[in-house]
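Participant: This structure is in structure tokens; I'll ask about it shortly.
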Amino acid sequence: MKIKCPKCKDVAELSPDFAFVKCDHCNLDISYGEYVKYVAHSDARYSDILGDYTVSTEGHTAGSLDEWD
Ligand SMILES: [Zn+2]
């Protein structure tokens, strides 16, 4: 089955029995369990970046208001 490679975003191959994921483009060769963790970790990291961005933006706005008053 063709799936999206979590590493290089190209086309990877998921074995029919969901045992492993292989990508010829970046030599990815992991079990399906690792693949799920890989994707979950990428999503979590993405959320963290969004969270940090929101916090830092709020802090910057508050600081700017103090300076301009
Ligand atoms: Zn790949």
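The values are calculated or read from the model by the stated rules, or taken from the named source; none is laboratory data. What you see is a predicted model, and the numbers here were worked out from it, not measured in a lab. Don't worry about glycine lacking a Cβ; one is built from the backbone with ideal geometry, like all the others, and counts go over all protein chains shown.
Participant: Provide a single number: the residues in segment 22-38 that are hydrophobic (A, V, I, L, M, F, W, C) and either in contact with a His (Cβ under 7 Å, 6 or more places away or on another chain) or away from the ligand (no atom under 13 Å from the Cβ) (or both).
Facilitator: Of the residues in that region, 1 qualify.
Participant: Then there is this: Sort out which residues of segment 16-32 are among the polar types (S, T, N, Q) and in contact (Cβ under 8 Å) with a residue 12 or more places away in the chain, and write them in order of number.
Facilitator: SER31, the sole residue that qualifies.
Participant: Only one of these conditions is not met by ALA19: (1) within 15 Å of the ligand (Cβ to nearest atom); (2) touching a helix residue (DSSP H, G or I) at 6+ places or on another chain (Cβ under 9 Å); (3) at pLDDT 95 or above. Which number is it?
Facilitator: (1)
Participant: Here's a follow-up. For segment 6-42, name all the residues that are part of a strand (DSSP E or B) and of a type in the set (D, E, K, R).
Facilitator: Residues satisfying the conditions are GLU13, LYS22, ASP29.
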